[in-house]
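Reading through the structure tokens given below for one structure.
The values are calculated or read from the model by the stated rules, or taken from the named source; none is laboratory data. Model, not experiment: these values are computed from the prediction. Note: ideal-geometry Cβ built from the backbone for every residue, glycine included; neighbour counts use all protein chains shown.
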Amino acid sequence: MSTLSTASTTAAAAPAAALLRGPRTLFARLALILVVGLALAQTFSFLLTMHERDDSMTHMMVGYVEREVATSVALLDHLPPDERAQWLPRLARRSYSFVLGPGESGTPPAAPLSARFAQSMVAGAAAGLGTHVPPTVNAVPGGKEHFQVHLKLSDGTPLTIDMRPMVGMPLSDWLPLVLLLQLVVLGACCWLAVRIATGPLKQLARAADTLGPDLKASRLPESGPEEVAHAAKAFNAMQDRVAMYMTQRMQILAAITHDLQTPITRMRLRVDTMDDDATGARLRQDLQEMESLVKEGVTYARTLHGTQEAPRRIDPDALFESIADDYRDAGQDVTLRGSIGGALMAPPQALKRVVGNLVDNALKYSGAAEIETGRQDDGRAFIAVLDRGPGIPEESLAAVFEPFVRLEESRNRQTGGTGLGLAIARQLTLAMDASLTLHRREGGGLEARLVLKPA
Ligand SMILES: Nc1ncnc2c1ncn2[C@@H]1O[C@H](COP(=O)(O)OP(=O)(O)OP(=O)(O)O)[C@@H](O)[C@H]1O
Ligand SMILES: [Mg+2]
């Protein structure tokens, strides 16, 4: 029960942790930072402008209201009482109007905007009347800001100014649209900037990826912004250095293994003239092992060194038929099934060598080999070499491709080898742009599958 709840908590925590960590790609992270940052800055400056606009508008309005109220009150004061009522609509403005009467009573206005307007109105009214009866102000309860200024004209008639201060100016219809447009332009610029910044990284990763054992990596263009051009130059130089070191090492390996052949041959001749038969036989066997090691070493060095065979147009079915025939002629149990059909572009010697190494293994470790050829669902030609031998444990499937790796059980005299067969096969496969994989078979044994590159 507790394990179950722990598991579900962990499952729920995983997406939350991922969310906290943010997006995985550099592109998304930079874009997010830029877009959110710029959008926030934009919104902030918009709000600031609006606030500033409202503030200066209010300031202007306060001065205006004071002057207007002074004039209107002075006019009403001087009009004969029976004419005052008909002037009222003409003196009314959008935010305030005049009422002949005592109005409503209440508490003094507390809202800052009302307080500011009330102050200017009181000043205006006092100036208009030129008297000393101080006008009184009170807020009118309700939803919006609303207050009244009460005063008495010089003949004693009560007058009320009823005001509903306007909060800011209404926004124009097109403003949100312009804002939206700005955000879109901003988003597009961010996207472009991030693309320019991360593009070269992708290119670099691709170039580094293609730098395979054949050292045929694509060169990066040494153009663009200074930093990018610099990185590309450094990468290309590194690539050249790696290729040079590899070539040197391979040349040394090739030279050593090649030059060993001569003394081995000489020793063999000497052993043949020896009297001691028992020691001679043992020495001969050791020499034979040394010879095959040297021979394989030379081949491996050559395949790495890029002595590449050019692909030619071949008839694959005929090629595999002849390989199988050669084995059968030598008395080996090799069967061939299926067909690829048509012609293929491939380096025939390399292909022969890869299949040969796989068949050799199958024969060595199981006594029989089955070659199956055909086309996969995606149209690529495949050659599978199958056996019913001991197979290779799952954890060693990748390791056996490394040079000189042999599995412990097979380290015995009869199946003795150098451990280079699969390394050479993989090297040649890479040069052909093909893929070579090993699989354990149902019911025991091994399947080595070579899939050629699409035609
Ligand atoms: N068909 C197979 N069945 C079982 N084990 C295999 C098979 N093919 C390869 N192996 C294992 O993988 C190891 C590496 O194979 P690889 O062909 O590279 O070397 P090798 O056969 O030992 O020597 P070489 O081929 O150089 O003479 C072998 O030593 C063997 O343990
Ligand atoms: Mg082998």
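Any residue that is within 23 Å of Glu296 (Cβ to Cβ), more than 9 Å from ligand 1 (Cβ to nearest atom) and surrounded by 15 or more Cβ atoms within 10 Å (Cβ to Cβ) - is there at least one of those in the range 404-424?
no
If I filter the range 401-409 for residues that are outside any helix (DSSP H, G or I), touching a Gly at 6+ places or on another chain (Cβ under 9 Å), more than 16 Å from ligand 2 (Cβ to nearest atom) and basic (Lys, Arg), do I get at least one hit?
No, every residue in the range 401-409 fails to be outside any helix (DSSP H, G or I), touching a Gly at 6+ places or on another chain (Cβ under 9 Å), more than 16 Å from ligand 2 (Cβ to nearest atom) and basic (Lys, Arg).
Got a sec? Which strands (runs of 3 or more DSSP E) wholly within the range 282-385 have at least 3 residues that are farther than 30 Å from Arg268 by Cα and within 13 Å of ligand 1 (Cβ to nearest atom)?
368-375
Quick check, is Asp315 assigned by TED's automatic domain parsing to the domain that holds Ala431, under 15 Å from Thr373 (Cα atoms) and surrounded by 13 or more Cβ atoms within 10 Å (Cβ to Cβ)?
yes
Can you go through Ala85, Ala115 and tell me which one is free of Cβ contacts under 8 Å to residues at least 24 places away in the same chain, within 16 Å of Val140 (Cα to Cα) and not in a loop (DSSP other than H, G, I, E, B)?
Ala115
For Leu186, indicate whether it is in contact with a Leu (Cβ under 6 Å, 6 or more places away or on another chain), surrounded by 16 or more Cβ atoms within 10 Å (Cβ to Cβ) and not in a helix (DSSP H, G or I).
Here the answer is no, as Leu186 does not meet what is asked.
Tally the residues that are within 12 Å of ligand 2 (Cβ to nearest atom), among the acidic types (Asp, Glu) and in contact with a strand residue (DSSP E or B) (Cβ under 6 Å, 6 or more places away or on another chain), restricting the search to the range 344-384.
Residues meeting the conditions: 0.
Any residue in the range 358-380 that's farther than 18 Å from Leu438 by Cβ: show its pairings with residues that are within 14 Å of ligand 1 (Cβ to nearest atom) and among the charged types (D, E, K, R) at Cβ separation under 9 Å, as long as the two are six or more apart or on different chains.
Filtered contacts from the range 358-380: Gly367/Asp333; Gly367/Asp387; Gly367/Arg388.
Limited to the range 425-450, what total is found for residues that are of a type outside the set (A, V, I, L, M, F, W, C) and surrounded by fewer than 19 Cβ atoms within 10 Å (Cβ to Cβ)?
10
Specify which of the listed residues (Gly331, Gly297, Gly280) is surrounded by 15 or more Cβ atoms within 10 Å (Cβ to Cβ) and without any contact (Cβ under 8 Å) to a residue 60 or more places away in the chain.
Just a single option satisfies the conditions, and that option is Gly280.
Hey, can you tell me all the residues within the range 385-397 that are within 16 Å of ligand 2 (Cβ to nearest atom) and either within 21 Å of Leu351 (Cβ to Cβ) or surrounded by fewer than 12 Cβ atoms within 10 Å (Cβ to Cβ) (or both)?
Of everything in the range 385-397, those that are within 16 Å of ligand 2 (Cβ to nearest atom) and either within 21 Å of Leu351 (Cβ to Cβ) or surrounded by fewer than 12 Cβ atoms within 10 Å (Cβ to Cβ) (or both) turn out to be Val385, Leu386, Asp387.
Any residue that is assigned to a loop (DSSP other than H, G, I, E, B) and of a type in the set (Val, Ile, Thr) - is there at least one of those in the range 142-152?
no
Working carefully through the options Val122, Val137, find the one that is surrounded by 16 or more Cβ atoms within 10 Å (Cβ to Cβ) and part of a helix (DSSP H, G or I).
The match here is Val122.
Taking the conditions exactly as written (part of a loop (DSSP other than H, G, I, E, B), at pLDDT 85 or above and acidic (Asp, Glu)), does Glu227 satisfy them or not?
no
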